[in-house]
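To start, the structure itself, in structure tokens.
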Amino acid sequence: MNDGEPELIEAELHRLKPARPPEALLARLAAARPAPRPQREGRSQPWVAFDSWRCLLRWLAPATVAAGVVVALLVWRWPGADRTPAVLPGEGLTKSALRANAVEFDRELVASFDAVARLPSGEPVRFRCREWTDGVTLRDAARGVVIERRTPRLEVVPVSFETY
């Protein structure tokens, strides 16, 4: 093939006129086309506004559910509701107050799992849940006192489904 041949072939193709398709094929294509739906003027505008809110609610609803679950678990497992504080307000620190010279913080993953729920619209939502145990250890070497506090914590994160 010479260098000038592709240009000659392309020029000849530009001069050619395509043949008209058979009438039977055009009739079959016209019959297969679905009829257009009539548009209602009054209802089209509210649905457009609803679709924009629906997009926002798609992410806001699972986040609200997750926040509600976390708050409910914190209120249900709150350990300090019936305890009195070690130092009452108005009392200053006395000479016998604890002086921590070693403080350790600990965070331990206890469990990790996924949960699936359905929104009222029927759309599935996946949550990644992790159970943690947070710990604090205070040591007073002068008195030999060790105070250890461990608190469970649940972390819930909404995750979108991957669709292909």
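Here, each number is a calculation from the coordinates, and none is a lab measurement. Note that the structure is a prediction, hence the values are computed from the model and not measured. Note that we place each Cβ from the backbone using ideal geometry, even for glycine, and neighbour counts take in every protein chain shown.
Annotations for the structure displayed:
- Using the Karplus relation 6.51 cos²θ - 1.76 cosθ + 1.60 with θ = phi - 60°, the per-residue 3J(HN,Hα) values for segment 152-160 come to x, 9, 10, 10, 10, 10, x, 10, 6 Hz, with x marking Gly and Pro.
- Summed side-chain charge close to Ala66 - residues other than Ala66 whose Cβ falls under 11 Å, Lys, Arg +1, Asp, Glu -1: 0
- Subtracting the Cα-Cα distance of Ala11 and Arg99 from 0.36 nm times their residue separation leaves 22.3 nm of extension gain.
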